[in-house]
Amino acid sequence: MYRGYEAVIGLEIHAQLSTKSKIFSEDATAFDAGDNENLSLVSAGLPGALPVLNRKVVEFSIQAGLALGCEIRRKNTFARKNYFYPDLPKGYQISQYDEPICENGRVIIFVGGQEKTIRIIRAHMEEDAGKSTHFGEYTLVNYNRAGVPLLEIVSAPDLRTPEEAAEYAKTIRQILKYIGVCDGNLEEGSLRCDCNVSVRPVGTAELGTKVEIKNVNSFRFVEKAIEYEIERQVDALERKEKIIQETRLYDSDKNRTVPMRTKEDAQDYRYFPDPDLLPVIITDEMIKEIHLHLPELPSARKKRFIEHYGLPEYDAIMLTAEKEYADYFEATTKISSNPKSTANWMMTELTRELNQANIEVDKSPVSPAGLAGLLKLIDQGIISGKIAKTVFNDMWSTGKSAEEIIKDKNLTQISDRAAIEKIVDEILSQNSKSVLEYKSGRTKLLGFFVGAVMKATKGQASPDLVNQILLDKLKR
Amino acid sequence: MDLLRASIADIGQQLRKKQISSLEITQYFLQRIAAHNSKINAFVTSNDNAEREASDVDQKLARGELLGPLSGIPVGIKDMLCTKGIRTTAASHILKNFVPPYDATVVSRLKRSGAVILGKLNQDEFAMGSSNENSIFGATKNPWNLDFVPGGSSGGSAAAQASRLCAATIGTDTGGSIRQPASFCNVVGVKPTYGRVSRFGVIAYASSLDQAGPIASCVEDAALILEVISGFDQFDSTTSNQKVPEFSKNLNKNIKGLRIGLMKEYMMGGLHPDVEKTIALAVEDLKRMGCEIVEVSVPLTAQAVPMYYLIAASEASSNLSRYDGVKYGHRASFENLSKTSLEEFYMRTRGQGFGVEVKRRIMLGTYCLSSGYYDAYYKKACQVRRLMAEQFQNCFNSCDLILGPVSTAPAFRIGEKLSDPLSMYLNDVFTVSANLAGVPGLSIPYGISIDNLPIGIQLMANHFDEQKMLNVGYALQETSPMTWRIPNV
Amino acid sequence: MVDLKTIRKIAKLSMIEMSENEEADFSSQLSKAIEYFNQVSEVDTKNVDPMTTPTEIVPHYREDVPAQVVSPEEILAIAPERTGNLYTVPPVV
């Protein structure tokens, strides 16, 4: 609620599908290619060049559609969107118009501990445009991106706050990454958002005039751009101004949106079915096959983590946020047989190191087997939790196993009862005054004795055993 | 041997027997080009390597290597097909200096089977026209009478073939552009089933209608070229994976018992009397050969020309958007590019680059697709197209082939119809239907007008039934008074 | 009737510069053509699926394998103007 107004927000997310070659031609999609290195007859729009659809794009789109709860259109068609721009080599973009591959889906998002269902109107396949850069007195054009496959996912105007919008975008990214159809890399532009924002007085059903914010490329900016836009529109309405239907751009440096073009000079795109590409026919068998191999989605996995591993909901949400992270958890638990300690270690030590090194979990120098090995040594009482932390750090920097490190550094916990008893006796005789105080009721002093024994053993004594022996001897 | 009247098979036989060399064959046709092309204006660009490529064939022959069916056969290619390293213009200023970095699939298949490319042939700009008058290279002349048009848009291909400047040529047919000039010039032209021949590397005019095909001296040659260029192509997703028959080996003159449909709507008056006579002659000859003549009807024929122009122009307006002065081809020159607006840049480049007929069709197509007109024009035409295609299917339920004229009249004078685009469009009434329905069509020489201008007849078959069409053409070639008649150039 | 105003709008959408004479010619020629083509409206096409390609076969798909059919250098070589390996166009702001 904004000064008596409510916002109505819809998102169009352009997700790059992780294919190796382009949607309609054989040139590569590699991000790090040199200028116009990913160029083909089709990508440069040469006379006589024809688009041939990449099968993987259809498969990925069906996967995404199923994951987003969409119906898959059995006969869907490509259409040409005609307009002139230097980054558009053919003078038209091949997209889908009135017969998209996916329709009528939904996703569930969590905001403020509440579930909310956001409807998806459609998702369609299309080609990306090239990139134009202003350089000196000219604009220079690179077609490496031209023809990179995109899935444009259009939500219903079901979002009401900037936070919801950002959460929705995150959820879409999470799902697409989970099923492996999009790498979700925001820096490389693998995911871009157009935000449609309007406001209306609370309690009215009629929609306000819609403004589109184009090409927002981070979740934080989605939130901030929409926030700014809502304030701007409410300000205008309070001043009794009319909202103009227009396209705006978000300027992240100044945190504001600026007009790009108004509806007045709206393009007439002259969409029509592309005669070079026949309708895509999708059979029930194809859908069945893809459904069968669809990975478990984050929401289902979270539920399973709670039920199967007995994890708290918070842990389950954290661990399933990314597929690779959840995979790491399951791989570790399978060996460690201790889900809760695996979860704890992942959410503290492992995450901290990953963040510090800025690497993804699947690149972690400590493998699931490595971490599980460490956890087992703790559970077997061979090392203490405290020592385990230094062992983990060594594992991270050397890549060695926990056992190797313990052996090399002679860190094995002293669990020889006789050896510890001997040290305990020494400590007690050196501190006879404290022993008397303890016996007279200051049982808090137990901690002091434990500390002294641990210090004497350089922390290698089994804390359980030290406790047990101390209590035993002090009772006498 | 008389190369002027030799079929491709004849030439091939002489070559294999080493009675003539590949180089001699190529030089023979190059000499004919040198002698006659200036009058006809058919070839617009020559392949400077033709003789060397011909010698390569001779060397292969000497080494005893297996030779393809078109080895040493000199062919001319319409300037609508990309040829690697050989300028390809679509007869347009906007591609005046365009040298493609690749071969169209049709061209690479011809080369693979041993053909020697002599050069590129004149045409209407972007294949838009039926007279070959819309070309930056100037009009091509009809070799039967230089004051007359050769037809279009593959006028250069038909005129070159008629005057035997090469052994065979390739044209393209979007609304009759192979069949009509073949008819005007007394040669054989085949428009294949849509999807039979790859469009990869064929400069697009109207994607759902375009097909490349042979224009040749005789049905045998056309059949041979067709079987070489046909078939699935991984670079064109609209090609069919139907098996390509050995059209030339399968040719069969025994056509007894075939049912030939005479289309009511094509014979309803308005035909030039000599065209009418020509059809009547063919009907008599077919009956004599044991065919049954039945009447068939495609009532929507009356809508064919409007439908064709609405669809072709719509597709063309989009297909020709890629010519923008950025990646290749003509770019207008500006005193200061950095002070030029993008709109100015595009409008000047395209305004200079396209000829008037191309502009007219781009404008028409943009109009038909624009907001508010799409349903009434483009979509409506596509709906009528389906109905007409169904009417064609009904015809083929009651006949094997449809016989009809190619054009209402023989060739007209150069300049005669230039001022009235609509009257020019109406010429295409008998040919556009095959493109709209996607069925194959064949034009073969069958008559001559009182003014000594050739008249062809047209056969249309059901989808992928080219063989039947070629067989009847093969049989009619025996009875046609115009077979192998060559103009005096 | 395709009036001059419409002709100018269409010319801009088509990105074709033309003289006033051309505009006038196109206006009358396109008006005549459209008037003739209007006869398609007389055909009853209720519930008819538009036919946008004549053979309607199941299309062929490409496998997702990167390849090079023609080298980027050969394609760049025919550019009217470029800066390094980038295409040069007027400033787009």
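The values are calculated or read from the model by the stated rules, or taken from the named source; none is laboratory data. These numbers were taken from a predicted model, which means no experiment stands behind them. In this analysis, Cβ positions are derived from the backbone assuming ideal geometry, glycine residues included, and neighbour counts consider all displayed protein chains.
Odds and ends about this structure:
- Filtering segment B:56-92 to residues that are among the aliphatic types (A, V, I, L, M) and under 26 Å from A:ALA49 (Cβ atoms) leaves B:LEU70, B:VAL75, B:ILE77, B:MET80, B:LEU81, B:ILE86, B:ALA90, B:ALA91.
- Residue match in segment A:151-165 (condition: more than 24 Å from A:LYS56 (Cβ to Cβ) and within 14 Å of chain B (Cβ to nearest Cβ)): no
- Cβ pairs under 8 Å, 6+ apart, first in segment A:364-392 and within 16 Å of A:ALA343 (Cα to Cα), second modelled with pLDDT under 80 and not charged (D, E, K, R): A:ILE378/A:SER384
- Restricting segment A:143-178 to residues that are assigned to a strand (DSSP E or B) and among the hydrophobic types (A, V, I, L, M, F, W, C), the residue that is surrounded by the fewest Cβ atoms within 10 Å (Cβ to Cβ) is A:VAL154.
- Number of the condition not met by A:TYR85 [criteria: (1) farther than 26 Å from B:ILE362 by Cβ; (2) assigned to a loop (DSSP other than H, G, I, E, B)]: (1)
- Filtering segment A:308-325 to residues that are in contact with a Pro (Cβ under 8 Å, 6 or more places away or on another chain) and assigned to a helix (DSSP H, G or I) leaves A:TYR309, A:THR320, A:LYS323.
- Only a single criterion out of (1) surrounded by 19 or more Cβ atoms within 10 Å (Cβ to Cβ); (2) more than 7 Å from chain C (Cβ to nearest Cβ); (3) not in a helix (DSSP H, G or I) is not satisfied by B:VAL358, namely (3).
- Positions within segment B:72-99 being crowded, with 24+ Cβ neighbours inside 10 Å and in a loop (DSSP other than H, G, I, E, B), in sequence order: B:GLY72, B:ILE73, B:ASP79, B:MET80, B:CYS82, B:THR88, B:THR89, B:ALA90, B:ALA91, B:SER92
- Only one of B:GLY438, B:GLY447 that is facing chain C (nearest Cβ under 7 Å), closer than 21 Å to B:ARG179 by Cβ and of a type outside the set (A, V, I, L, M, F, W, C): B:GLY438
- Residue within segment B:384-403 that is farther than 25 Å from C:GLU35 by Cα, in contact (Cβ under 8 Å) with a residue 60 or more places away in the chain and of a type in the set (Phe, Trp, Tyr) present: yes
- Flag if A:LEU176 is hydrophobic (A, V, I, L, M, F, W, C) and farther than 19 Å from A:ILE118 by Cβ: no
- Of the candidates C:THR53, C:THR6, the single residue that is of a type in the set (S, T, N, Q), part of a loop (DSSP other than H, G, I, E, B) and touching a Phe, Trp or Tyr at 6+ places or on another chain (Cβ under 8 Å) is C:THR53.
- Among the residues listed as B:THR169, B:THR140, the single one being in a strand (DSSP E or B) and of a type in the set (S, T, N, Q): B:THR169
- Among residues of segment A:283-294 that are at pLDDT 95 or above, those with a Cβ under 7 angstrom from a residue that is of a type outside the set (A, V, I, L, M) and assigned to a helix (DSSP H, G or I), sequence gap 6+ or separate chain, pair up as A:ILE290/A:GLU59; A:ILE290/A:GLN63.
Yes/no per residue for (1) within 23 Å of the chain's Cα centre (by Cα); (2) of a type in the set (S, T, N, Q); (3) buried (at least 22 other Cβ atoms within 10 Å of the Cβ):
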site: B:ASN394; (1), (2), (3): no, yes, no
site: B:SER398; (1), (2), (3): no, yes, no
site: B:LEU403; (1), (2), (3): yes, no, yes
site: B:ALA409; (1), (2), (3): yes, no, no
site: B:ILE414; (1), (2), (3): yes, no, no
site: B:LYS417; (1), (2), (3): yes, no, no
site: B:ASP420; (1), (2), (3): no, no, no
site: B:MET424; (1), (2), (3): yes, no, no
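- Test set (1) more than 30 Å from B:LEU209 (Cβ to Cβ); (2) surrounded by fewer than 16 Cβ atoms within 10 Å (Cβ to Cβ) - A:PRO339 fails condition number: (2)
- Residues that are in a loop (DSSP other than H, G, I, E, B), surrounded by 24 or more Cβ atoms within 10 Å (Cβ to Cβ) and more than 9 Å from every other protein chain (Cβ to nearest Cβ) within segment A:6-41 comprise A:LEU17, A:ILE23, listed in sequence order.
- Matching residues in segment B:330-353 - criterion: being surrounded by 16 or more Cβ atoms within 10 Å (Cβ to Cβ), small (Gly, Ala, Ser), assigned to a helix (DSSP H, G or I) and free of Cβ contacts under 8 Å to residues at least 24 places away in the same chain: B:GLY351
- Pairing residues of segment A:401-412 that are in contact (Cβ under 8 Å) with a residue 60 or more places away in the chain and surrounded by fewer than 16 Cβ atoms within 10 Å (Cβ to Cβ) with residues that are assigned to a helix (DSSP H, G or I) and hydroxyl-bearing (Ser, Thr, Tyr), at Cβ distances under 6 Å and at least 6 apart in sequence or on separate chains, gives no pairs at all.
- Scan segment A:395-442 for residues that are in contact with a helix residue (DSSP H, G or I) (Cβ under 8 Å, 6 or more places away or on another chain) and either over 22 Å from A:PRO463 (Cα atoms) or of a type in the set (A, V, I, L, M) (or both) and the total you get is 17.
- Within this structure, B:ILE486 fails the test of being surrounded by 23 or more Cβ atoms within 10 Å (Cβ to Cβ) and touching a Ser or Thr at 6+ places or on another chain (Cβ under 8 Å).
- Every condition in (1) in a loop (DSSP other than H, G, I, E, B); (2) touching a Ser or Thr at 6+ places or on another chain (Cβ under 8 Å) holds for C:GLU17 except the one numbered (2).
- In segment B:426-469, residue nearest to B:LEU300 (Cα to Cα) [restricted to those that are within 17 Å of the chain's Cα centre (by Cα) and of a type in the set (D, E, K, R)]: B:ASP428
- Scanning segment B:287-333 for residues that are more than 20 Å from B:PHE392 (Cβ to Cβ) and away from chain A (no Cβ under 14 Å) turns up B:LYS287, B:ARG288, B:MET289, B:GLY290, B:ALA332, B:SER333.
- Those strands (runs of 3 or more DSSP E) of segment B:183-294 in which 3 or more residues are buried (at least 24 other Cβ atoms within 10 Å of the Cβ) occupy B:188-191, B:211-216.
- Picking from residues in segment A:123-147 that are closer than 19 Å to A:CYS102 by Cβ and of a type in the set (A, V, I, L, M, F, W, C), the one that is nearest to the other protein chains (Cβ to nearest Cβ) is A:MET125.
- Search result, residues across segment C:31-62 that are over 19 Å from B:TYR309 (Cα atoms) and either touching a residue at least 40 places away in the same chain (Cβ under 8 Å) or in contact with an Asp or Glu (Cβ under 9 Å, 6 or more places away or on another chain) (or both): C:HIS60, C:ARG62
- Filter pass, A:ALA49 being in contact with a Phe, Trp or Tyr (Cβ under 9 Å, 6 or more places away or on another chain), more than 30 Å from A:GLU227 (Cα to Cα), within 11 Å of chain B (Cβ to nearest Cβ) and free of Cβ contacts under 8 Å to residues at least 40 places away in the same chain: yes
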